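Please read the structure below before turning to the comments.
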Amino acid sequence: MREYKPTHIVGGYDLPRELWQRCGLCTHEHGRGYVVGTAGGLETHIGQDCGRKHLGAEFKELERQFAAQLEARDKKDHIAAVLAQRTDVLKRAEVAIRECDLASQTVAAVLERINREPTLAKVLERALLVDGAVRIEWLSSGN
């Protein structure tokens, strides 16, 4: 394998003990590493530590490139998921706007009714001044 220079990482693996794979650089089996493509067109498994140990900075650069590709793919997938939900989110926003408009119209109608009655308007005005609390005053006839 050392004769065939790794050119890119095809994918990573992290396997349970019973599925460990023989390394393309050494004779040991590894549970964590990468499937790499080579300049000769071959693909093989390389343990993560073996790649760093035997191939050094070149392998670290391949890992960095692979991580960047994964990050870019994850971002692309996230954007696609957001865009897929866009229509539904816009529909829900339109419903919320209509419901707010309806509530606003209802409140305006109630306020209009209250303002037609001076006593109710005065009670509402007082309630707004004291955080919405309404106090009832009793007039006693003195009996």
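What follows draws every value from the coordinates through simple rules; no lab data is involved. This is a predicted model, so every value here is computed, not measured. Cβ: placed from backbone, ideal geometry, glycine included. Neighbour counts: every protein chain shown.
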Legend entry - Cβ-based net charge around residue 29, under 10 Å, with every Lys or Arg adding one and every Asp or Glu removing one: +2
Legend entry - Rel. contact order, % - alpha carbon contacts under 8 angstrom, at least six apart, the chain: 14
Legend entry - Whole-number D in µm² s⁻¹ for the stretch 59-129, Kirkwood Cα-pair radius fed into Stokes-Einstein, 10 °C, 1.306 mPa s: 92
Legend entry - Convex hull volume per residue for the stretch 4-55, taking Cα atoms only, in Å³: 66
Legend entry - Max mean-square fluctuation residue, GNM over the chain, Cα-Cα springs under 10 Å, options 61, 18, 99: 18
Legend entry - Structure-derived Cα Rg over 2.2 N^0.38 Å - corresponding label in [x] 1.01; [y] 1.08; [z] 2.45: [z]
Inset, instruction - Would you calculate, for the chain, the mean residue ellipticity at 222 nm contributed by helices, counting each DSSP H stretch of 4 or more residues as -39,500 (n - 2.57) and dividing by all residues, to the nearest 500? - result: -20000 deg cm²/dmol
Inset, instruction - Give the distance, in whole Å, between the Cα centre of the stretch 71-96 and the Cα centre of the stretch 21-41. - result: 39
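Can you give the Kirkwood hydrodynamic radius of the stretch 10-91 from its Cα pairs, in Å with one decimal?
Final number for the Kirkwood radius of the stretch 10-91 is 14.7 Å.
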